[in-house]
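One structure is given below, encoded as C-alpha cells.
The values are calculated or read from the model by the stated rules, or taken from the named source; none is laboratory data. Since the model is a prediction, treat every value here as computed from it, not as a measurement. Virtual Cβ from ideal backbone geometry, glycine too; neighbours counted across all protein chains shown. Protein only, heavy atoms only, side chains kept; ligands, DNA and RNA dropped before computing areas. Shrake-Rupley method; radii C 1.70, N 1.55, O 1.52, S 1.80 Å.
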Amino acid sequence: MNDDAFWALIDELSRRPGDRDERLEWLGEQLLLRPATESAEFQVRLERACEAADTKGLWTAANRVESGSCTEDGFHYFTLWLVGQGRKVYESVLADPDALADVPGIRLLVGRPRDDWHDDEWPEWEELDYVAQDAYDELTGQEDDDGEEFLDAVEEAEAAAEAAGEWEEDDELLGARQEGVAIPRLTALFPLGTSGP
C-alpha cells in the first residue's frame, strides 16, 4: 500500500455515512479484503501522518478548541481525527492550523459547552489507531499474541518504506513545525473560559 492508496481509503472513510463505529467497520472490511501486509502498511502511513501533525502549532489549535484541556494522549487522538477528515483537510490544517476553523466538525462545536459534545463530535478518534491491527490479527489468526506479530509487521513495513526512500522529509511538513503559529479565527470561535469544564 502506497501513500495514494492509504489516502484513497481515508478519503472514502471521511465521506462515508454513519457514525464513527460504522465507518471504522467499513474500513476494517476494506483491509480484510487485502493481504495482511497491507494492514501493516496502512498503520505505518497512519503513524507517519500523525507524526507529521505532531507540531506545536496544531497542539495549540487543538488545545484552544478543547478549552485548554487537551492532554498529550488527547492530542494524539486529535491527530488521528485530523487524518480521518481526509487528505485535503489534513494538508490544509497541517499547512495552517487556523484552517481548523473551516472544518465542519469544528464549526459544529462553536458556542457549545464541552459537556454537551456527543462522543462522535469530539475532535479525537482513538479507535482509528486500532483498525489495522484488528484486521491484521483476523487475517493472520494471531488474535491472542498481544499484537506482537502486528508490531513486528509494522516495523518491517516501515523499514521497507525507508529503504525505498519513501520517507524523505517534505519541505511542506517541515514548514508546519514552526512554533510561532497564530490562530486568530480559532481564538475568536473558542474564547477561553466559555466552553465549559
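Here are the numbers for this structure:
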{"quantity": "Pair list, Cβ < 7 Å and 6+ apart or interchain, from the stretch 9-37 residues that are of a type in the set (S, T, Y) to residues that are part of a loop (DSSP other than H, G, I, E, B)", "calculated": "S14/Q85; S14/G86"}
{"quantity": "The lone exception for E29 - which of (1) at pLDDT 95 or above; (2) among the charged types (D, E, K, R); (3) open to solvent by less than 70 Å² (accessible area, probe 1.4 Å) it fails", "calculated": "(3)"}
{"quantity": "Candidate set: the stretch 47-63, residues that are crowded, with 22+ Cβ neighbours inside 10 Å and in contact with a Leu (Cβ under 7 Å, 6 or more places away or on another chain); chosen: the one nearest to R185 (Cα to Cα)", "calculated": "A61"}
{"quantity": "Residue check for A153: over 20 Å from the mean Cα position of the chain (by Cα), assigned to a helix (DSSP H, G or I) and modelled with pLDDT of 65 or more", "calculated": "yes"}
{"quantity": "Matching entry among E66, E72, E91 (being open to solvent by 10 Å² or more (accessible area, probe 1.4 Å) and at pLDDT below 95)", "calculated": "E72"}
{"quantity": "The stretch 39-61 - residue that is of a type in the set (D, E) and out of contact with any Phe, Trp or Tyr (no Cβ under 9 Å at 6 or more places or on another chain) and, of those, nearest to A135 (Cα to Cα)", "calculated": "E47"}
{"quantity": "G105 open to solvent by 10 Å² or more (accessible area, probe 1.4 Å), of a type outside the set (F, W, Y) and without any contact (Cβ under 8 Å) to a residue 60 or more places away in the chain", "calculated": "yes"}
{"quantity": "L80 vs. criteria at pLDDT 95 or above, under 14 Å from G57 (Cβ atoms), part of a helix (DSSP H, G or I) and touching a helix residue (DSSP H, G or I) at 6+ places or on another chain (Cβ under 8 Å)", "calculated": "no"}
